[in-house]
Every structure is written in structure tokens, then in C-alpha cells.
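K.L.:
Dropping the structure in here first, questions after.
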Amino acid sequence: MRMIVERRVLEGEHVRLEPVGEEPNGEMREELREALHVDPEIWEIYSSSAYGEHFAGFWEKLTGTPDRIGYAVRDRVSGRVAGTSSFLKMDADHRKLEIGFTFFRPEFRGTFVNPEAKLLMLSEAFGAGCLRVQFSVDTRNARSQAAVAKLGAVREGTVRRHLITWTGHKRDTALFSIIEEEWPEVERGLKARLRG
């Protein structure tokens, strides 16, 4: 059996995940640029930047990397793009992928947006036959590590000197994962959070 993740809209009660690409009018590109330009300091702890002059390169990787599906995460109440998250490093033969390059506007952090976006993405991944979903987080990013752990992901360890970031920082990466046997419990937990 192979994992087959389709490029399609993922619809939840509170958020809608829209695959990004080269739209004829470029509207999605501009909405996402606006969402990613509200917190310039936070990009210091990301492996790459989408702020200012760096947005063009970010967009190119978001839309042009073959084993990646990037999403604009839209808040259904306001209609605004709250941020972005991606499936990446998709390996159909070994049935694994990574969820990453997640960024949300400050006003959407700590709300229903991240848990529901992750519920939709994890449901899509495991429903497509995925055996393992991985999360890679800069060890300096305590907030993101806490958010991934709160999803129910297991911390596997630290990959030392894993990346050189866009600032030149030699990054250590905390690895987390959810495997298919853990998914039912993780799913119940996320649904409970959204109800609560």
C-alpha cells in the first residue's frame, strides 16, 4: 500500500485550509504575504524567513517544491488568512511526511486555529495511509515545542547542528512524531480540545 495525499481543500468548523499555488490574479499570494508580515521578530527562530524581501523565495518554495503541499489557513468567521502550514517531505513509498512551516498571526495563536488545522491535516495524512507524521522544531522555539507536544506528539530527541538558518544560526532541531497506532488517541484529544 502506498500513501496518497491529494492536493485539496480541507474544511473544518472554524478553519478552511486552501492549497496555495499560482492563482491567475495572485490574490492568495497577497493575502498570505499580509498574514506573514505582522510579526517580524519571530522569523529569527525560523529556518527561513517569509518577511519582507524574503517572501518571494518563501513563496517559490511553498508552491514549487514537488513533495510539498502548502496551505493558507483561513479563519471562517472573519474570512481572513490566519497563517500557513504545509505537508512536506512526503514519502509515498515509506508512507511518511512532515507537517511544518507553520506560522499564525499573533491574534490567532492560542485559539482554535492551530488545533483544528492540525486535526484536519493529521486526519488527511492518516486517512491517506500515512504511518508516521513528523514535526521538526528549533530547540529555541519553546512555544512551538509546547504546541506540538500538546497535540499528543512524542518527542523523539534532538538532532544537533541540523540546519544553518537564514540568519546563519547553527540550529539544533527537536524531533516529534505521531504514528498510526497513536492517531486515534491524538484525534480524540484534539476533538476534545475543540469542544472545550
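Since every read-out is calculated from the coordinates, none of them should be taken as a lab result. Because the structure is predicted, anything quoted here is derived from the model rather than measured. With ideal geometry, Cβ positions are generated from the backbone for all residues, glycine too; neighbour counts draw on all protein chains shown.
K.L.:
Taking neighbour Cβ counts within 10 Å as the exposure measure, how do 47, 78, 85 sort from fewest upward?
P.N.:
By the 10 Å Cβ count, ascending, the order reads 78, 47, 85.
K.L.:
Kindly rank 35-45, 87-97 from highest to lowest mean number of other beta carbons found within 10 Å of each residue.
P.N.:
In decreasing order of mean packing, 35-45, 87-97 become 87-97, 35-45.
K.L.:
Moving on. Which residues among the stretch 66-92 fall inside the zone where the amide N is under 20 Å from a point 7 Å beyond the Cα of residue 8, along Cα→Cβ?
P.N.:
From the stretch 66-92, the list is 67-74, 85-88, 90-92.
K.L.:
What net charge is computed for the residues neighbouring residue 179, neighbours being all others with C-beta under 10 Å from the C-beta of residue 179, Lys and Arg scored +1, Asp and Glu -1?
P.N.:
Counting the neighbours of residue 179, the net charge comes to -1.
K.L.:
Still on this model: Cβ neighbours within 10 Å, averaged per peptide: list 188-196, 66-74, 173-181 in order, most packed at the top.
P.N.:
66-74, 173-181, 188-196
K.L.:
Using a cut-off of 14 Å between beta-carbons, work out the net charge of the residues near residue 106 (Lys and Arg +1, Asp and Glu -1, residue 106 not included).
P.N.:
Local net charge: -1.
K.L.:
Give the label of the value calculated from the structure for Rg/Rh (Cα atoms, Kirkwood Rh), choosing from [x] 0.96; [y] 0.93; [z] 1.04.
P.N.:
Recomputing Rg/Rh (Cα atoms, Kirkwood Rh) here gives the entry labelled [y].
K.L.:
Moving on. How are the C-alpha pair distances of the stretch 78-126 spread across 5 Å bins, as whole percents from the shortest bin up?
P.N.:
Percent of pairs per bin, in order: 5, 19, 28, 22, 13, 8, 4, 1.
K.L.:
State, to one decimal in nm, how far the label point of residue 193 lies from the label point of residue 123, with both points 7 Å from Cα in the Cβ direction.
P.N.:
Roughly 1.5 nm, to one decimal.
K.L.:
Now a separate question. List the pairs from 89/170; 118/170; 61/150; 96/118 whose alpha-carbon separation is above 26 Å, in the order I gave them.
P.N.:
Beyond 26 Å: 118/170; 61/150.
K.L.:
Now, a different point. How would you order 131-137, 109-115 from highest to lowest mean count of nearby Cβ atoms within 10 Å?
P.N.:
Packing order, densest peptide first, comes out as 131-137, 109-115.
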